[in-house]
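Novice: Provided herewith is a single structure, encoded as structure tokens, for subsequent inquiry.
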RNA sequence: GCUGAUGUGGCUCAAUUGGCAGAGCAGCUGAUUUGUAAUCAGCAGGUUAACGGUUCAAGUCCGUUCAUCAGCUCCA
């Protein structure tokens with residue numbers, strides 16, 4: 001007998017060879033029905049997987065990440081099967097499950113159109129009705145190769161050839177279709193009750209732009225029809241939060257053909273930007289940062305020295321002044337180096353934290369531009385920390401804490417990544433190792449979960465990145481902490497140590513918000529345009545009932561302006577309902593309706609963005625509430 | 001840059017097989033003086049992204065360019 005430890009800690013004894021599904025059945029037939037895959041000793045497995053030794057087992061349903069994964073992975077096989085039926089000459093590349101559904105990369109001459117997608121979708125539904133079960137089989141390397149070669153599946157051939165020597169090569173078969181796959185998969189196509197092919201895109205084989213571009217079809221499937229409806233609704237809701245849409249509706253910013261990737265900020269958008277920057281300055285002053293500003297354009301010689309010329313030239317804009325070549329800065333660091341070098345430094349000055357809200361220009365590919373999230377001109381909330389080697393860990397931790405504090409203010413959750421040495425980099429392997437270890441060490445000390453992102457560091461050093469989510473769940477890098485031993489060498493930076501000798505400082509390059517533009521975009525989507533009071537462009541709008549109340553409305557607004565509240569009056573000759581609707585759509589947090597009653601009685605009728613009419617409040621109480629909400633950067637209105 | 005899609009007043013969208021570019025909102029003018037999500041009427045607003053082509057006739061068909069959208073690649 002073997003002992004199987006379940007997720008809740010209970011231990012059950014079974015005959016060796018019992019399958020995951022049989023364990024589920026033993027617990028309850030209902031559970032068996034919804035179990036899609038298993039997590040056996042930490043590995044994802046099929047439900048038909050026999051268990052031969054003492055194990056821990058977690059039964060995975062659609063609600064579990066692993067269950068979804070198996071379900072969607074099978075969705076991708078179903079998609080491939082349908083495509084192969086309709087277009088037998090199509091060659092299959094890869095078809096993984098992703099966070100929301102799955103895709104399959106396919107090489108075929110026929111260009112997939114929306115009509116063809118519909119046809120494929122119908123074929124998928126038909127296949128489901130045919131009721132195939134899915135079977136796993138293992139093959140030797142040579143048999144597997146022979147199989148895919150015979151089928152002419154050149155991409156599969158390459159995949160197999162690249163598998164490690166000791167890899168178990170498995171195929172999953174459903175009806176006439178079988179595909180190379182590590183699994184796990186669900187066991188029965190019939191549990192797929194809803195299918196939707198979502199979109200179409202080109203994707204390079206192996207993600208390398210030198211390779212052929214394949215057609216990638218994205219889709220999603222669900223065990224219940226209602227889940228698809230709910231999902232599509234969720235996407236509709238997310239569209240309403242899109243910062244590009246809200247930016248227009250709330251008149252915050254705009255983009256024009258005359259300057260693709262160069263955003264224009266409108267008066268209301270500037271209020272939010274300025275509030276963000278004020279907040280940023282306060283936080284940084286408190287934590288011992290000084291602020292600097294470096295020029296937008298600098299001589300190309302500087303960029304040659306910094307390594308940008310060799311490693312970043314494709315992303316830079318150039319111009320000429322008096323026959324000399326100049327570059328528009330894509331990063332703030334070289335300018336910061338010059339400021340450090342302007343005078344000698346003692347170890348007593350370190351760590352030296354120099355912040356800069358620096359506007360940088362980068363030539364991003366035309367197809368990569370995306371609202372405020374990816375632009376060609378943005379303001380980094382940059383800072384360079386010059387320090388002695390033994391200050392590194394403490395400084396990295398301080399930046400991590402700063403980022404956490406700042407994100408908390410907005411109620412963001414974030415993901416952390418550690419990126420290591422890229423191919424196109426400068427500096428010795430030893431330096432890279434030291435730097436990477438230092439960052440990892442700081443993360444471990446803070447007990448932060450992070451994802452490793454090999455080869456994705458900056459050209460001068462490894463980095464810790466902070467990723468925030470947009471309304472569709474796409475993540476964007478915002479904060480970053482990059483450790484750099486190279487710039488100090490290239491710029492011959494030094495400080496005088498307690499021994500009276502010259503020493504090399506190390507540098508942290510870091511941002512917290514990342515780019516003000518991107519952060520603003522995330523902020524808009526995060527709040528759905530309903531900004532907390534401290535950020536709202538208009539915090540209070542006073543709406544007089546009729547003309548005779550204009551003076552009173554004005555006096556109320558003035559009193560609020562006195563204490564620094566952004567208050568305005570809506571004097572338009574429109575009905576009350578119209579002006580309230582307008583204020584609601586502008587997502588103004590507080591509305592004050594003033595008429596005869598208020599002018600006589602003193603108390604004011606307050607309406608809040610989310611809760612509607614909330615009754616009367618005295619002007620003094622209102623002032624106190626506003627001051628409190630703004631000062632504490634409260635995320636709520638009442 | 002690559003793949004696919006899209007581009008019509010400030011915004012949201014109409015316009016049969018190629019056959020007189022239209023509506024709502026916003027704007028302006030006037031009436032209306034309003035009590036918690038749209039008062040009524042009138043006026044104005046367009047070289048249909050740009051350029052070229054086919055045609056008696058192009059918003060519609062073809063080509064080129066630009067921009068936008070979904071991805072790929074890249075990245076804050």
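The values are calculated or read from the model by the stated rules, or taken from the named source; none is laboratory data. Keep in mind it's a predicted model, so treat the numbers as computed, not measured. No Cβ is skipped: glycine too gets one built from the backbone with ideal geometry, and neighbour counts run over all protein chains shown.
Novice: Under the condition of being over 15 Å from residue A:518 (Cα atoms) and in a strand (DSSP E or B), which residue from region A:452-473 is farthest from RNA strand B (Cβ to nearest atom)?
Specialist: Checking each candidate, the answer is A:452.
Novice: Kindly check whether there is at least one residue in region A:312-332 that is assigned to a helix (DSSP H, G or I), touching a residue at least 60 places away in the same chain (Cβ under 8 Å) and not assigned by TED's automatic domain parsing to the domain that holds residue A:376.
Specialist: no
Novice: A follow-up question, please. With A:239, A:210 as the choices, which residue is loosely packed, with under 13 Cβ neighbours inside 10 Å and within 21 Å of the chain's Cα centre (by Cα)?
Specialist: Numbers: A:210 fails: within 21 Å of the chain's Cα centre (by Cα).
None of the others qualify; the one that does is A:239.
Novice: Give the number of residues within region A:600-612 that are part of a strand (DSSP E or B) and either surrounded by 12 or more Cβ atoms within 10 Å (Cβ to Cβ) or touching a helix residue (DSSP H, G or I) at 6+ places or on another chain (Cβ under 6 Å) (or both).
Specialist: Filtering region A:600-612 down to residues part of a strand (DSSP E or B) leaves A:604-608, A:612.
From the residues that got through so far, the ones that are either surrounded by 12 or more Cβ atoms within 10 Å (Cβ to Cβ) or touching a helix residue (DSSP H, G or I) at 6+ places or on another chain (Cβ under 6 Å) (or both) too are A:604-608.
Adding up the residues that qualify gives 5.
Novice: What tally of residues in region A:476-500 results from selecting those that are surrounded by fewer than 16 Cβ atoms within 10 Å (Cβ to Cβ) and in a strand (DSSP E or B)? Break it down into steps so the answer makes sense when it comes.
Specialist: Of the residues in region A:476-500, the ones surrounded by fewer than 16 Cβ atoms within 10 Å (Cβ to Cβ) are A:489, A:492, A:496-500.
Add one more test, that the residue is in a strand (DSSP E or B), and what stays is A:496.
Number satisfying all stated conditions: 1.
Novice: Might you check whether a residue that is in the same structural domain as residue A:463 (by TED's automatic domain parsing), buried (at least 22 other Cβ atoms within 10 Å of the Cβ), modelled with pLDDT of 95 or more and within 15 Å of RNA strand B (Cβ to nearest atom) occurs anywhere in region A:385-396?
Specialist: no
Novice: Which of the residues belonging to region A:236-270 are more than 11 Å from RNA strand B (Cβ to nearest atom) and within 15 Å of residue A:520 (Cα to Cα)?
Specialist: The initial filter retains those residues of region A:236-270 that are more than 11 Å from RNA strand B (Cβ to nearest atom), namely A:236-237, A:240-241, A:246, A:250, A:252-253, A:264-270.
Within region A:236-270, A:241, A:246, A:250, A:252, A:253, A:264, A:265, A:266, A:267, A:268, A:269, A:270 qualify.
Yes/no per residue for (1) within 14 Å of RNA strand B (Cβ to nearest atom); (2) part of a strand (DSSP E or B); (3) closer than 30 Å to residue A:242 by Cβ:
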site: A:526; (1), (2), (3): no, no, yes
site: A:529; (1), (2), (3): yes, no, yes
site: A:532; (1), (2), (3): no, no, yes
site: A:538; (1), (2), (3): no, no, yes
site: A:549; (1), (2), (3): yes, no, no
site: A:615; (1), (2), (3): yes, yes, no
site: A:627; (1), (2), (3): no, no, no
site: A:630; (1), (2), (3): no, no, yes
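Novice: Kindly indicate whether any position in region A:421-438 is free of Cβ contacts under 8 Å to residues at least 60 places away in the same chain, within 30 Å of residue A:525 (Cα to Cα) and more than 9 Å from RNA strand B (Cβ to nearest atom).
Specialist: no
Novice: Show me the strands (runs of 3 or more DSSP E) entirely contained within region A:18-109 in which 3 or more residues are farther than 23 Å from residue A:227 by Cβ and in contact with a strand residue (DSSP E or B) (Cβ under 8 Å, 6 or more places away or on another chain).
Specialist: Values: elements: A:37-40, A:43-45, A:55-60, A:101-107.
Here the list reads A:55-60, A:101-107.
Novice: Could you grab me the full set of residues in region A:110-137 that are touching a strand residue (DSSP E or B) at 6+ places or on another chain (Cβ under 6 Å), within 16 Å of RNA strand B (Cβ to nearest atom) and not in a loop (DSSP other than H, G, I, E, B)?
Specialist: Correct list: A:117, A:121.
Novice: Which one of these does residue A:217 not meet: (1) surrounded by fewer than 17 Cβ atoms within 10 Å (Cβ to Cβ); (2) closer than 30 Å to residue A:34 by Cβ; (3) within 16 Å of RNA strand B (Cβ to nearest atom)?
Specialist: (1)
Novice: Just one of the numbered conditions (1) away from RNA strand B (no atom under 13 Å from the Cβ); (2) farther than 19 Å from residue A:633 by Cβ is not true of residue A:286; which one?
Specialist: So the condition that residue A:286 fails would be (2).
Novice: Also, quick follow-up: Testing residue A:105 on (1) modelled with pLDDT of 90 or more; (2) surrounded by 17 or more Cβ atoms within 10 Å (Cβ to Cβ); (3) more than 16 Å from RNA strand B (Cβ to nearest atom), one condition comes back false. Which one is that?
Specialist: The number of the failed condition is (3).
Novice: Looking at residue A:442 and the list (1) touching a residue at least 60 places away in the same chain (Cβ under 8 Å); (2) part of a helix (DSSP H, G or I); (3) touching a helix residue (DSSP H, G or I) at 6+ places or on another chain (Cβ under 6 Å), which single condition is not satisfied?
Specialist: So residue A:442 meets the others, but not (1).
Novice: Please state which of the following conditions residue A:492 fails to meet, knowing it meets all the rest: (1) under 20 Å from the mean Cα position of the chain (by Cα); (2) modelled with pLDDT of 90 or more; (3) within 25 Å of residue A:303 (Cα to Cα).
Specialist: (1)
Novice: Something else about it: Taking residue A:563 and the conditions (1) in contact with a strand residue (DSSP E or B) (Cβ under 9 Å, 6 or more places away or on another chain); (2) at pLDDT 95 or above; (3) more than 8 Å from RNA strand B (Cβ to nearest atom), which numbered condition does it fall short on, given that it satisfies the others?
Specialist: Residue A:563 satisfies every listed condition except (1).
Novice: Of everything in region A:576-599, what is near RNA strand B (Cβ under 7 Å from one of its atoms), under 25 Å from residue A:247 (Cα atoms) and surrounded by fewer than 17 Cβ atoms within 10 Å (Cβ to Cβ)? Give them in sequence order.
Specialist: Matches in region A:576-599: A:577, A:578, A:581, A:584, A:585.
Novice: Whether any residue in region A:174-197 is at pLDDT 85 or above, within 16 Å of RNA strand B (Cβ to nearest atom) and within 33 Å of the chain's Cα centre (by Cα) is what I want to check.
Specialist: Within region A:174-197, one or more residues are at pLDDT 85 or above, within 16 Å of RNA strand B (Cβ to nearest atom) and within 33 Å of the chain's Cα centre (by Cα).
Novice: Right, here's the next one. What do you reckon, is residue A:308 within 27 Å of residue A:475 (Cβ to Cβ), at pLDDT below 95 and buried (at least 20 other Cβ atoms within 10 Å of the Cβ)? Full working, then the answer.
Specialist: Working: within 27 Å of residue A:475 (Cβ to Cβ): yes; at pLDDT below 95: yes; buried (at least 20 other Cβ atoms within 10 Å of the Cβ): yes.
Criteria met by residue A:308.
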